[in-house]
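Everything on this sheet refers to the single structure shown next.
Every number here is computed from the coordinates shown, using simple stated rules; none is lab data. Keep in mind that this is a model prediction, so the values were computed, not measured. Positions of Cβ are backbone-derived with ideal geometry, glycine not excepted, and every protein chain shown enters the neighbour counts.
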Amino acid sequence: MKQQRTVIVMLVAVVTAGIASFGVYRAIRSMPVREVEVPGVKVVVASGYIPVGTRLTKNHLRVATFPARNPVPGAFADPEQLVDRGVVATLDENEPITANKVAGPEAGAGLPPVIPAGMRAMSVRVNEVIGVAGFVLPGTRVDVIVTVSDDGDGSGPEEAMSRTVLSNVVVLTAGTRYDQDRAKDGQAQRSTVITLAVLPEDAERVALATSEGTISLALRNPVDVDQTKTTGIRFASLMKGTGPEVVVDRPRQRVVAVRPPAPPKPVEPVVPAVYRVETIRGAKRAEEVVR
């Protein structure tokens, strides 16, 4: 009898809780929905991935609404303002297109608008080894190393030498095709031509290096911005390992090692002179020291 009473009480409790929950649910569903309108502004965004150098068309663009209290600096509201303008920075899907990511209205598309002011675009021929196994992509930074068979002195025998001639150079393009879709994923990309952004005087160095020797590219970490400071290395120094740097004795045509100068001899301390004075007092003679 006692067990039946307990079961009845539990059933009543469950039914009561269910009725209460259903009543709360119906009350919430019957509440009116309040729509909050957030002021917005029209912003032109990319409809998909757009690589550098692309000439924008209406198919590349679409209009989205952004909160007015958080405006996008340099954004455009009308797609007509961006048609036929070149892209100078990679754009991802739904990314707002701002003034610093497109070229001027009359600059056109392709490579010219991408070249920074005061710099030049210089292309060099590479292979899989020189191109760091295909990981030299647009936007990466490299050091340019030249290897020549003669150090340029003109006197004496030829001696191979390598040296870093340019440091922290940005890569504009990798490959002959400009719309490199795989570059956005960081994948290796085979290319035969690398285009670098260099100063006018550095363009002369690259031209001379490619004409007189063989160039190699050393890929840099993007956060490493320090200039590479090296004096180069000759073949004789490479074969000698970690020994002293060697130079060529041109008159005798032989290789000599440059040894550090001998340490100076220690300076002996100066001993002050000692003077003796002989004194005679009566029949007594003596000597006194005067310093």
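Hey, what did the stretch 39-114 get for relative contact order, percent, Cα under 8 Å, at least 6 apart? Write out the running numbers ahead of the final one.
On the way: 181 pairs, mean separation 29.5, N = 76.
This gives 39 percent for the stretch 39-114.
How much length is gained if the chain between VAL41 and VAL267 is pulled fully straight, taking 0.36 nm per residue apart and subtracting their Cα-Cα distance, in nm to one decimal?
72.9 nm
With θ set to phi - 60° and the Karplus curve 6.51 cos²θ - 1.76 cosθ + 1.60, what are the ³J(HN,Hα) couplings of the stretch 118-127 in order, to the nearest whole Hz, using x for Gly and Pro?
Those phi angles translate into x, 10, 10, 9, 10, 9, 10, 7, 9, 10 Hz.
With 10 angstrom as the radius, rank ARG281, ARG141 by how many other C-beta atoms surround their C-beta, starting from the fewest.
ARG281, ARG141
Multiply the residue gap between SER123 and ILE28 by 0.36 nm, knock off their C-alpha separation, and tell me the result in nm, one decimal place.
In short, 27.4 nm is gained.
In nm, to one decimal, how far is the VAL72 label point from the ARG281 one, both placed 7 Å along Cα→Cβ?
About 11.2 nm, to one decimal.
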